[in-house]
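> Attaching a single structure in structure tokens format; questions to follow.
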Amino acid sequence: MDLQSPVIVEVLLDLPLPRGFDYHAALATEEDVGRRVKVPWGTGQKVGVIRALKHTSTYPADKIKEVLEIWRDVPPLNARDWQLLEFCSSYYHYPLGQTVLAMLPPALRRVGGWQPPRRVRQPRKYPSQSSAPPLNEAQRSVMQAILQQPNFAVHLIHGVTGSGKTEVYFSLIEKVLERGRQVLLLVPEINLTPQLEQRLARRWPKLNWISLHSGVSEKERARRWLTAQTGAARLVLGTRLAVFTPLPELGLIVVDEEHEASFKQQDGLRYSARDLAIVRARQGEFPIILGSATPTLESWHNARTGRYQLHHLRERAVPGACLPQLTLAPTMQEGLPHWATVLHETLSRGEQVLVFINRRGYAPVLYCPNCGWQAACPRCSVRLVVHRRTRQLRCHHCGLEQVLHESCPSCGNVHMETRGEGTQQVEERLRNYCPSARLLRLDSDSLALKGSWERAREQILDHQVDILVGTQLLVKGHDFPDLSLVVVLNADQSLFSSDFRASERLYAQLLQVAGRAGRAEKAGQVWIETDYPGHPVLLALMQHETENFLDQELALRRQMGWPPFNYLAILRAEARDVGKVTVFLEEARQKALTRGGEGICIFDPVPSTLARKAGFHRWQLLVQGAHRASLQVFLASWVDELRALRSGRSIHWVLEVDPWDC
């Protein structure tokens, strides 16, 4: 029907549908495009965003409802915001409505509207820095090279751990701020924000800057988001969600630790914040900096082929500081470990020690030596983890908790045993080795409470801790000047994984954790327990040959046809009935084979690595494309066919582009 009056608005809603919905809005104007609205939906209400104004609709006039409210207290999304969101929706094949609503802070998606917080959280005051620390020759060279390209370019800074990448970032940020532009600084983890907040406050005590991450309350997060959108905040420090922050005068993006998997969203809109940051810089025609001691093979390949500008920082920034000495030692099942002597020597000098094991809990396996029974999660395809202090068995995937068995449920044997060790058992063992040492365990269990990481970090910096026992939470960019010894336990657990990225990830993890040692004047040592000292990953690590390792991995990837020489997408499906999952994926596979496409390879459906989680059976279907463009064309048509499949309506499925886990 043709409707000339009143005005009709197309509203995008947070629904898994590839279109918007028409509503009457008599008082709407073009200036309202991009504003939030409240609209009726069924018997309830929803928050949406106006995508467009129009005077005609294909829907009958009596079916079009009225917009209940247009919120004009918040600026609308602008053309640049829409450009990024439309690219994101198209590239990741995710409904535009859900993409747009995912960009907004949770408080701005509430039907009840948004009210600013009664109390505005004041940033913590730090003594201002008298002057910026001088850059060394290598740092100045990198900064000057980047400043020579003020327009769009991707700059990859490959710097050894402790090489002063952050000071290069800050010097470049200062130049951009002086030109009146805004800056976005992305980090992979919330735990990295406190130390950067402190450095930002000291470097620019009068600058209006904000931090955005999921640890900020909803109202406060919305308030900060709006200060960025209006241009009041000149610098935004944030985790991956901050990549969508509207910044009208954005002139530089920095992605620190660009190799981290945390930049990839693992549910809902499965975007890569690093990749979207690059797209945003290209759309805005300004530079972007990626920094890492262990760049991803995708970034390294782009640098080697000239798509990215490659810059090196090959020495540590502190004068006299050297890369740590690495030692490989066999795993000890009983008795004192080989590194016990150096542990005591380090403590006697008043220096700190980090013992790294990437497994929380007490032990990963509880079993009966009499009949072989093992404690397994009834809802997931994994074993339950022993947590001895709380006398519990826990599933680290679905959260199931059980009382720790005193006897075997199968045969009644009362002499139960554990296999393997986690952070809690390592902590217990170290207390026996060093009874007078002050220990602090840092994992997601001990850091569950809000503010616990900030308190722990202050304890470490104030030298109230002698030995740290921790997981990967401790290896991402933290700087502890008194830490001179790192011990890595169970380094072999990822050596023989079926994941084609396993070697790359293990090398990055080991190098990053090793990089925590000896970052200041104190010489650093790293001991790695392994039963495979001749493995290529460990040999490259021992020789500090990161560039050679990356080049060799690239050659292997080229030979095997894996990214970055091919492009991937995964169709993931899950349901309580495994039969429904396999039927859907087989129908999806047949549709894919029929459609085909140049350079498109369709694999058979297989169970996911974690085949069952919380009672849901999980399977996946891998699609490989020789060219990114042809893969995108294929996926765009295939996803429409997937939405039409009846077998897909009784299960949950998602199409993931550029998956991090295969």
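> Looking at T193, T227, T161 in this structure, which one is in a helix (DSSP H, G or I) and either touching a Leu at 6+ places or on another chain (Cβ under 8 Å) or aliphatic (A, V, I, L, M) (or both)?
Values: T227 fails: either touching a Leu at 6+ places or on another chain (Cβ under 8 Å) or aliphatic (A, V, I, L, M) (or both); T161 fails: in a helix (DSSP H, G or I).
Going through T193, T227, T161 in turn, the sole match is T193.
> On to the next question. Based on this model, can you work out whether L323 counts as touching a Ser or Thr at 6+ places or on another chain (Cβ under 7 Å) and either in a loop (DSSP other than H, G, I, E, B) or not charged (D, E, K, R) (or both)?
Details: touching a Ser or Thr at 6+ places or on another chain (Cβ under 7 Å): no; either in a loop (DSSP other than H, G, I, E, B) or not charged (D, E, K, R) (or both): yes.
Criteria not met by L323.
> Moving to a separate point now. Under the condition of being of a type in the set (F, W, Y) and touching a Lys or Arg at 6+ places or on another chain (Cβ under 8 Å), which residue from the stretch 322-371 is surrounded by the fewest Cβ atoms within 10 Å (Cβ to Cβ)? Before you say what the answer is, go through the steps one by one.
Residues of the stretch 322-371 that are of a type in the set (F, W, Y), as a first pass: 339, 356, 362, 367.
Next cut, touching a Lys or Arg at 6+ places or on another chain (Cβ under 8 Å) only: 362, 367.
On the way: Y362: 24, Y367: 17.
Among those that are of a type in the set (F, W, Y) and touching a Lys or Arg at 6+ places or on another chain (Cβ under 8 Å), it is Y367.
> Separate question: Within the stretch 405-417, take every residue that is at pLDDT 95 or above and touching a strand residue (DSSP E or B) at 6+ places or on another chain (Cβ under 8 Å) and give me the one that is farthest from M332 (Cα to Cα).
Checked the stretch 405-417; the qualifying residue farthest from M332 (Cα to Cα) is M416.
> Something else now. Looking at the stretch 250-262, can you tell me whether even one residue there is under 22 Å from V74 (Cα atoms) and modelled with pLDDT of 95 or more? Show your work before the answer.
Residues of the stretch 250-262 under 22 Å from V74 (Cα atoms): 250.
If we keep only those that are modelled with pLDDT of 95 or more too, we end up with 250.
Yes: one or more hits.
> For the stretch 290-318, enumerate the residues that are in a loop (DSSP other than H, G, I, E, B) and either under 18 Å from S171 (Cβ atoms) or touching a helix residue (DSSP H, G or I) at 6+ places or on another chain (Cβ under 8 Å) (or both).
A293, T294, P295, T296, Y308, R314, E315, R316, A317, V318
> I'd like to verify a number: residues in the stretch 374-406 that are more than 27 Å from the chain's Cα centre (by Cα), outside any loop (DSSP other than H, G, I, E, B) and within 18 Å of A611 (Cβ to Cβ), how many?
So the count comes out to 2.
> Under 9 Å between Cβ atoms, at least 6 apart or on separate chains: pull out the pairs that start in the stretch 538-562 with a residue that is closer than 17 Å to L511 by Cα and buried (at least 21 other Cβ atoms within 10 Å of the Cβ) and end on any residue that is of a type in the set (K, R) and at pLDDT 95 or above.
Sorted first by the residue in the stretch 538-562, then by its partner, the pairs are L550/R304.
> Considering the stretch 275-333 alone, what residues qualify as being small (G, A, S) and under 25 Å from Q148 (Cα atoms)? Break it down stepwise before answering.
Taking the stretch 275-333 first, the residues small (G, A, S) are 277, 281, 284, 291-293, 299, 303, 306, 317, 320-321, 329.
Across the stretch 275-333, the qualifying residues are A277, A281, G284, G291, S292, A293, S299, A303, G306, A317.
> I'm trying to understand the selection: among the residues of the stretch 82-98, which are in contact with a Gly (Cβ under 9 Å, 6 or more places away or on another chain) and either outside any helix (DSSP H, G or I) or on the phi > 0 side of the Ramachandran plot (or both)?
Across the stretch 82-98, the qualifying residue is only Y94.
> Take the conditions in a helix (DSSP H, G or I) and either in contact (Cβ under 8 Å) with a residue 40 or more places away in the chain or touching a helix residue (DSSP H, G or I) at 6+ places or on another chain (Cβ under 8 Å) (or both) and apply them to R202. Does it pass? Steps first, answer last, please.
On the way: in a helix (DSSP H, G or I): yes; either in contact (Cβ under 8 Å) with a residue 40 or more places away in the chain or touching a helix residue (DSSP H, G or I) at 6+ places or on another chain (Cβ under 8 Å) (or both): yes.
Yes, satisfied.
> Kindly indicate whether N370 is outside the structural domain of V355 (by TED's automatic domain parsing) and of a type in the set (S, T, N, Q).
Numbers: outside the structural domain of V355 (by TED's automatic domain parsing): yes; of a type in the set (S, T, N, Q): yes.
Spelling it out, N370 is indeed outside the structural domain of V355 (by TED's automatic domain parsing) and of a type in the set (S, T, N, Q).
> Among the candidates R383, R379, R391, single out the residue that is surrounded by fewer than 16 Cβ atoms within 10 Å (Cβ to Cβ) and among the basic types (K, R). Reasoning before the result, please.
Details: R383 fails: surrounded by fewer than 16 Cβ atoms within 10 Å (Cβ to Cβ); R379 fails: surrounded by fewer than 16 Cβ atoms within 10 Å (Cβ to Cβ).
Among R383, R379, R391, only R391 is surrounded by fewer than 16 Cβ atoms within 10 Å (Cβ to Cβ) and among the basic types (K, R).
> What about Q115, is it surrounded by fewer than 19 Cβ atoms within 10 Å (Cβ to Cβ) and either at pLDDT 95 or above or under 22 Å from the mean Cα position of the chain (by Cα) (or both)?
Working: surrounded by fewer than 19 Cβ atoms within 10 Å (Cβ to Cβ): yes; either at pLDDT 95 or above or under 22 Å from the mean Cα position of the chain (by Cα) (or both): no.
Criteria not met by Q115.
> Tell me the residue from V475, V488, V465, V513 that is within 26 Å of L336 (Cα to Cα) and touching a Leu at 6+ places or on another chain (Cβ under 6 Å), please. Can you show your working first?
Working: V475 fails: touching a Leu at 6+ places or on another chain (Cβ under 6 Å); V488 fails: touching a Leu at 6+ places or on another chain (Cβ under 6 Å); V513 fails: touching a Leu at 6+ places or on another chain (Cβ under 6 Å).
Among V475, V488, V465, V513, only V465 is within 26 Å of L336 (Cα to Cα) and touching a Leu at 6+ places or on another chain (Cβ under 6 Å).
> While we're on this one: Can you tell me how many residues within the stretch 614-632 are out of contact with any Gly (no Cβ under 7 Å at 6 or more places or on another chain), under 28 Å from P564 (Cβ atoms) and not aromatic (F, W, Y)?
9
> What do you reckon, is R360 touching a His at 6+ places or on another chain (Cβ under 8 Å) and either of a type in the set (D, E, K, R) or under 22 Å from R441 (Cα atoms) (or both)? If you could, list the steps in order and put the result at the bottom.
Numbers: touching a His at 6+ places or on another chain (Cβ under 8 Å): yes; either of a type in the set (D, E, K, R) or under 22 Å from R441 (Cα atoms) (or both): yes.
Considered against the rule, which asks whether it is touching a His at 6+ places or on another chain (Cβ under 8 Å) and either of a type in the set (D, E, K, R) or under 22 Å from R441 (Cα atoms) (or both), R360 comes out as yes.
> Would you confirm, using the coordinates I've provided, whether R270 is at pLDDT 95 or above, surrounded by fewer than 22 Cβ atoms within 10 Å (Cβ to Cβ) and in a loop (DSSP other than H, G, I, E, B)?
Values: at pLDDT 95 or above: yes; surrounded by fewer than 22 Cβ atoms within 10 Å (Cβ to Cβ): yes; in a loop (DSSP other than H, G, I, E, B): yes.
When the stated conditions are applied, R270 passes them.
> Kindly check whether there is at least one residue in the stretch 292-301 that is among the hydrophobic types (A, V, I, L, M, F, W, C), surrounded by 19 or more Cβ atoms within 10 Å (Cβ to Cβ), touching a Pro at 6+ places or on another chain (Cβ under 9 Å) and not assigned by TED's automatic domain parsing to the domain that holds E504.
Residues of the stretch 292-301 that are among the hydrophobic types (A, V, I, L, M, F, W, C), as a first pass: 293, 297, 300.
Add one more test, that the residue is surrounded by 19 or more Cβ atoms within 10 Å (Cβ to Cβ), and what stays is 293, 297, 300.
Add one more test, that the residue is touching a Pro at 6+ places or on another chain (Cβ under 9 Å), and what stays is 297, 300.
Now restrict to residues that are not assigned by TED's automatic domain parsing to the domain that holds E504: 297, 300.
Looking for residues that are among the hydrophobic types (A, V, I, L, M, F, W, C), surrounded by 19 or more Cβ atoms within 10 Å (Cβ to Cβ), touching a Pro at 6+ places or on another chain (Cβ under 9 Å) and not assigned by TED's automatic domain parsing to the domain that holds E504, one finds at least one in the stretch 292-301, hence yes.
> Being part of a loop (DSSP other than H, G, I, E, B), polar (S, T, N, Q) and surrounded by fewer than 22 Cβ atoms within 10 Å (Cβ to Cβ), is that true of even one residue in the stretch 281-289? Let's see the steps before the verdict.
Step one: filter the stretch 281-289 for residues part of a loop (DSSP other than H, G, I, E, B), giving 285-287.
Next, only the ones that are polar (S, T, N, Q) stay: none.
No.
> Related question: Quick check on my filter: what residues within the stretch 576-613 are part of a helix (DSSP H, G or I), over 23 Å from N566 (Cα atoms) and out of contact with any Gly (no Cβ under 6 Å at 6 or more places or on another chain)?
Of the stretch 576-613, the ones part of a helix (DSSP H, G or I) are 578-595.
Imposing the further condition that a residue be over 23 Å from N566 (Cα atoms) reduces the set to 578-584, 586-587.
Selection gives V578, G579, K580, V581, T582, V583, E586, E587.
> Then there's this: Just checking, which of P18, P75 is assigned to a loop (DSSP other than H, G, I, E, B), outside the structural domain of L631 (by TED's automatic domain parsing), more than 25 Å from T239 (Cα to Cα) and touching a residue at least 60 places away in the same chain (Cβ under 8 Å)?
Just one listed residue meets the conditions, P18.
> Out of (1) of a type in the set (D, E, K, R); (2) at pLDDT 90 or above; (3) over 27 Å from V365 (Cβ atoms), the odd one out for E428 is which?
Of everything listed in (1) of a type in the set (D, E, K, R); (2) at pLDDT 90 or above; (3) over 27 Å from V365 (Cβ atoms), E428 misses just condition (3).
> Right, another one. Just checking, which of K54, K46, K38 is farther than 24 Å from P246 by Cα and in contact with a strand residue (DSSP E or B) (Cβ under 6 Å, 6 or more places away or on another chain)? Please lay out each step first, then the result.
Working: K46 fails: farther than 24 Å from P246 by Cα; K38 fails: farther than 24 Å from P246 by Cα.
One residue alone meets the criteria, K54.
The values are calculated or read from the model by the stated rules, or taken from the named source; none is laboratory data. In this text, all values refer to a predicted model and were calculated from it rather than measured experimentally. Note that we place each Cβ from the backbone using ideal geometry, even for glycine, and neighbour counts take in every protein chain shown.
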